Amino acid sequence: MREMSDDDADDVESTSVYRCNVTKHNGEGPHWDGRTNTLLFIDMGQGDVHRLNYITGEDDIKHFEDPVGFVVPRKSGGYIVGHGKKVSHFDWDSGAVSTLAEVEQGLLTQFNDAKCDASGRLWAGTTAKEVDGIREPERGSLYSLSKDQKITKHVDKISISNGVDWTDDNRTMYYIDSTPRQVWAYDFDISIGSMSNKRTVVDFGGAETMDTLGVPDGMTIDNNGHIWVACYGVGKVICFDPETGKRLKTLEFPSAKKTTSCCFGGPNMDELFVTSGTYNLTPEQRRTVSKSATHSVKVSDAQCQSQRRTVSKSATHSVKVSDAQCQSQRRIVSKSATHSVKVSDAQCQKMSRFPLNQLHKPDYYALDTIPIQENVGSKYGD
């Protein structure tokens, strides 16, 4: 492993805006639900959980009184939501909330980002709450919640717990604590949910790279075992080879500097969705981008079609856009990639997507067999 530098070569590509101003604070934690063709994500500061319908464009929002750190669909129904320091099952239609676990009682902390491993075990981390703009370091931890509702602390002294994901063989786990600006790898045993042998696979370097690489936030992994890391503060998602630490590709978001996380999705699992935020932006920076910058064009590429397959019977729909106003804005971004819409430079919170020329695995569903305790049910906040 070597430290990153500004001289590392990679492919740089532009992206298209999918949705603009969908959250009021920080859009985070995107998760594709292939059963319903919906994109889940959260607005942490507002306490909102979003469910965006890929086909219709409808954005359904549920509000919690506590800050929301993550939402993950549950295979047998409903959703697992981290709000405040609680992990709960949430029924979207009825609004019933059933608490499954609570951590760090008495501490000024909250959940921040989570994902499930291939067994359905939830991995969720915490971070200190900001007080007067200051976040106390090393107050968070990383936990797992098993199907029998046993919660286990695996790592402590975490400053800002963020991205987590696993290799296809389930033998390596990747994890980000944003403050050290590093991506760590661990040996992983999925049978018992253990992690060991920590090492650094990507180091964002020192202060000299802050303006170009930013801070590692959320991440996802592709079928080649490469990790895609959202770089907060610089409007980028960078694809790394964790075996070498080399930058392979950079996606730039010039009008959405506070990129927070990403996930693969779309009916064919060949698009990358990216969230971003408006936290601490000025009113001028929050202004809405022009109408022409709200389109996202997905262009079929003959080289891509042979690689695509239907990921589930319910996920066979495809969005075809033929907007004459968009045609003049298209440009080829690489020989093998599809096209994208060039967007304006207004600083704005966005949800973006990037068509890719290969298929990617979906994120896993949560806690399939966890029993829901009816006696602790309640309504979510207004």
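Quick notes
- Between N224 and L107, the modelled labels are 3.9 nm apart [label points 7 Å from Cα along Cα→Cβ].
- Protection proxy ranking for 263-273, 219-229, using the average of other Cβ atoms within 10 Å per residue and placing the highest first: 263-273, 219-229.
- Once you reduce region 181-208 and region 218-232 to the center of their Cα atoms, the two points are 13 Å from each other.
- Rg followed by Dmax, in Å, when region 36-154 is reduced to its Cα trace: 14.4, 43
- Value of Rg/Rh across region 115-162 [Cα atoms, Kirkwood radius]: 1.09
- Between region 147-179 and region 242-257, the alpha-carbon centres lie 22 Å apart.
- Of K86/K115; K115/K249; K157/K258, those spanning more than 21 Å from alpha-carbon to alpha-carbon: K115/K249; K157/K258
- Region 177-250: equivalent-ellipsoid semi-axes (sqrt of 5 x gyration tensor eigenvalues, Cα, Å): 23, 14, 11
- Here the label points at D93 and I55, each 7 Å from Cα along the C-beta direction, are separated by 1.7 nm in the simple model.
- Note that region 140-289 carries a Kirkwood radius of 16.3 Å, evaluated over its alpha carbons pair by pair.
Values in this text are rule-based calculations from the coordinates and carry no lab data. Nothing here was measured: the structure is a model prediction, and the numbers come from that model. Here Cβ is always computed from backbone atoms with ideal geometry, including for glycine, and neighbour counts include all displayed protein chains.
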